[in-house]
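The values are calculated or read from the model by the stated rules, or taken from the named source; none is laboratory data. Predicted model only: the values in this text are computed from it and were never measured. Here the Cβ positions follow ideal geometry from the backbone for every residue, glycine too, while neighbour counts run over all protein chains shown.
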Amino acid sequence: MSRLSFKTFCIELYADHKSIPSNEVYTLFEKNGILTMLDEDYDLLHGHGFEYVIHDIEKVLASSVVSEDLPSGQRDSPLENVVL
């Protein structure tokens, strides 16, 4: 799987996981450095299961996300205490 395909897979996976549009996930990932992380950690992440990848993404988002970046229905997620 190419790096671009992997990033696309992660965007779609997270969008499905959170039930939000993939274009909003792309913006969220771009603003919070997730796309860079997925590129830099590609060799480590691309062989792991989706639960591991989602967990890793949520850990990074929890340390950097502002609530305004999340759709209103997602602000009560595990990221609810994060100030953006």
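Take the residues in the stretch 10-46 that are in a loop (DSSP other than H, G, I, E, B) and crowded, with 16+ Cβ neighbours inside 10 Å; name whichever of them is nearest to the chain's Cα centre (by Cα). Applying the filter and picking the extreme gives Asn32.
Taken over the stretch 28-83, the criterion of being at pLDDT 55 or above and among the basic types (Lys, Arg) is satisfied by Lys31, Lys59.
Going through (1) at pLDDT 90 or above; (2) exposed (fewer than 13 other Cβ atoms within 10 Å of the Cβ); (3) in contact with a Leu (Cβ under 6 Å, 6 or more places away or on another chain); (4) of a type outside the set (Lys, Arg) one by one, Ser5 falls short only on (3).
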